[in-house]
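Working notes, structure below.
The values are calculated or read from the model by the stated rules, or taken from the named source; none is laboratory data. This one's a predicted model, so the numbers in the text were calculated from it and none came from an experiment. Positions of Cβ are generated from backbone atoms using ideal geometry, with glycine treated the same way; all protein chains shown enter the neighbour counts. Remember, those area values only see protein heavy atoms, side chains included, never the ligands or the DNA or RNA. Shrake-Rupley method; radii C 1.70, N 1.55, O 1.52, S 1.80 Å.
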Amino acid sequence: MAYANATKFKLNTGAEIPAIGFGTWQDKESQEDAVYEALKAGYRHIDTARVYGTEPAVAAGIKKSGVPRQELFITSKLWNNCHHPEDVETACDASLKDLNTDYLDLYLIHWPSPFARGDKMFPKDKDGKPMVGDTDYVDTYKAMEKLVEKGKCRAIGISNFSKGELERLLEETSIPPAAHQIESHPYLAQHSFDAFHKQKNIHITQYSPFGNQNEFYSSGKDIGKLIDDPILAEIGKKYSKSGAQVALAWGIAHGRSVIPKSKTPSRIKSNLEGDFKLDPGDVQKIDEMDKKIRFNDSSEDFGWNFFTDLDGKK
């Protein structure tokens, strides 16, 4: 049973994306059960990526749930080693096969940065430095446009682009991105970048909507957990919601989808209950929590200087 009265947003393609999606990054071994639990709880938007290695588990969880494909919104992402235009369709086909579907609702360029072509997800030179490729992300995106024409992708988009990179993409390609998936939470609100997307009619999906809740982010270990912030807790009391649920509702109040992840059935369910309406005054209070703190910046590891014109760049 899909979550009753679930908020959905319209993409520039006319399709609808459920406001709360289920993120499947990390915990590869737990994902089949987690996806099954999520679908049972009422999620209908699943976010995965080639690099996560979770596409087969997502397919298994969907199969186990019995939820028909047409009820689902599935996003996957093209990895950096397949940016060459000749590799894009092959990479998409591999994702489709592992997801056991003949189309993706949304296919994103995971990062604007190319790696060397080949089977290695993280190619390194003899000194352990990333082996970068020379494909321009504009050419990668043009190859993705062909997948829309072929019906393999209902919509295409991007992830982790800077404003300058996005502006150039819009100038040089024909299909505007339907969505941009970026790190976003009350400590990294990116108000002006958000306004730019609204002006261009590009939907934003927030990854890491709980900020430094994820142990993966070493930079977030020396500050208090975002979801324990007293402002979120105080607002939560008013609605009988947790700080985490308030953080999700804040993203939704701004017209963005959010993709929390969890492998715990109770938390999977409670994250879905982050789809509720905050009063405008409360949204404003959370807006003012912005600390311009970015937890995810892979510039060094990927050999590309990300987010140069955005908040939170160190």
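Overview of results
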{"read-out": "Selection within segment 133-174 - of a type in the set (Val, Ile, Thr), in contact with a Phe, Trp or Tyr (Cβ under 6 Å, 6 or more places away or on another chain) and open to solvent by 10 Å² or more (accessible area, probe 1.4 Å)", "value": "Thr173"}
{"read-out": "Members of segment 94-116 found to be open to solvent by 60 Å² or more (accessible area, probe 1.4 Å) and either within 17 Å of Met144 (Cα to Cα) or not in a loop (DSSP other than H, G, I, E, B) (or both), listed by number", "value": "Lys97, Asp102"}
{"read-out": "Helices (runs of 4 or more DSSP H) completely within segment 186-303 that count 1 or more residues being at pLDDT 95 or above and crowded, with 20+ Cβ neighbours inside 10 Å", "value": "191-200, 230-239, 243-253, 265-272, 280-287"}
{"read-out": "Test: residue in segment 105-120 that is in contact (Cβ under 8 Å) with a residue 24 or more places away in the chain, among the aromatic types (Phe, Trp, Tyr) and touching a Cys at 6+ places or on another chain (Cβ under 7 Å)", "value": "yes"}
{"read-out": "Residue that is least open to solvent (accessible area, probe 1.4 Å), among those in segment 175-185 that are of a type in the set (A, V, I, L, M) and in a loop (DSSP other than H, G, I, E, B)", "value": "Ala178"}
{"read-out": "Those residues of segment 18-33 which are open to solvent by 10 Å² or more (accessible area, probe 1.4 Å), out of contact with any Gly (no Cβ under 8 Å at 6 or more places or on another chain) and either under 19 Å from Trp79 (Cα atoms) or part of a helix (DSSP H, G or I) (or both), in sequence order", "value": "Trp25, Gln26, Asp27, Glu29, Ser30"}
{"read-out": "Selected residue (only one of Lys163, Lys150 is out of contact with any helix residue (DSSP H, G or I) (no Cβ under 7 Å at 6 or more places or on another chain) and of a type outside the set (S, T, N, Q))", "value": "Lys150"}
{"read-out": "Qualifying residue in segment 34-52 (condition: loosely packed, with under 15 Cβ neighbours inside 10 Å and either free of Cβ contacts under 8 Å to residues at least 60 places away in the same chain or small (Gly, Ala, Ser) (or both))", "value": "no"}
